[in-house]
Amino acid sequence: AGSVVGVACLFSGMLLSTLFLRLMLLISPSVTKKILLKMGEKATMTQNPNFKYEDWGLTFTSLTFVKTACLHMWLSLGQEAFVGSKAPDSPVVTLEGTSSSIFKYLKDNRPLVLSFGSCT
């Protein structure tokens with residue numbers, strides 16, 4: 001029940017911030033840009049000189065963003081990871097594009113290292 005409440009809070013916060021940004025975009029696009037750039041600093045988006053605000057800024061006010069975030073929250077519902085506990089069996093997509101899960105890559109007692117990166 002705790003993870004459902006947590007996801008509900010995340011969803012509410014995401015929805016409210018998206019609505020706030022959408023409203024601010026109508027009232028003052030320049031202030032909205034400053035807010036989004038501040039958000040981008042926290043997520044290190046602004047550190048890449050090839051990744052400009054025009055490329056990512058307005059995505060946070062889009063319906064596609066809300067739908068994608070909701071889908072991600074729905075898929076990860078109940079999957080929590082804690083230090084010293086078992087990791088959740090999260091879905092992954094292979095380099096070939098097929099769906100799989102993390103546990104399918106476990107071999108005996110060997111540690112499994114996951115490396116997340118970006119192709120941009």
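Observations on the structure shown:
- Between 0 and 90°, nearest 10: helix 2-27 axis offset from the chain longest Cα axis: 30 degrees
- Length-normalised contact order of the range 59-114 in % [C-alpha pairs under 8 Å, at least 6 apart]: 16 percent
- In the chain, a dipole from Cβ-located charges (positive for Lys and Arg, negative for Asp and Glu) runs towards its positive end, and of PRO91, PHE65, LEU26 it is LEU26 whose Cα lies farthest in that direction.
- Charged-residue dipole, Cβ positions (Lys, Arg, Asp, Glu), the range 5-98 about Cα centre, Debye nearest 20: 400 debye
- Pairs from the table (LYS42/LYS104; LYS52/LYS104; LYS38/LYS67; LYS42/LYS67) lying more than 31 angstrom apart at Cα are LYS42/LYS104; LYS52/LYS104.
- A simple rule links phi to the HN-Hα coupling: the Karplus curve 6.51 cos²θ - 1.76 cosθ + 1.60 with θ = phi - 60°, which for the range 106-112 gives 6, 10, 6, 9, 5, x, 10 Hz, with x for Gly and Pro.
- Mean-square fluctuations from a GNM of the chain, with a 10 angstrom spring cutoff on Cα atoms, peak among GLY40, GLY57, GLY84 at GLY84.
- Note on the chain: with a GNM built from Cα contacts shorter than 10 Å, the maximum mean-square fluctuation among THR44, THR59, THR32 falls on THR44.
- With contributions of -39500 (n - 2.57) from each DSSP H run of at least four residues, the per-residue ellipticity at 222 nm computed over the chain stands at -15500 deg cm²/dmol.
- Each of CYS9, CYS70 was scored by other Cβ atoms within 10 Å of its Cβ. Listed from fewest to most, they are CYS9, CYS70.
- In this Cβ point-charge picture (+1 for Lys and Arg, -1 for Asp and Glu), the range 52-116 has a dipole of about 160 debye about its Cα centre.
- Principal axis dimensions, the range 12-95 - Cα atoms, whole angstrom, descending: 46, 30, 27
- Residues whose amide H falls under 5 Å from that of VAL92, counting only those 5 or more places apart or on a different chain, are SER100, SER101, ILE102, with hydrogens built in the peptide plane.
- Distance in nm between pseudo-label sites at CYS9 and LYS38 (7 Å out along the Cβ direction from Cα): 2.2 nm
Here, each number is a calculation from the coordinates, and none is a lab measurement. On a predicted model such as this, the values are computed, not experimentally measured, just so you know. Neighbour counts are summed over all protein chains in view; Cβ atoms, including those assigned to glycine, are modelled from backbone coordinates with ideal geometry.
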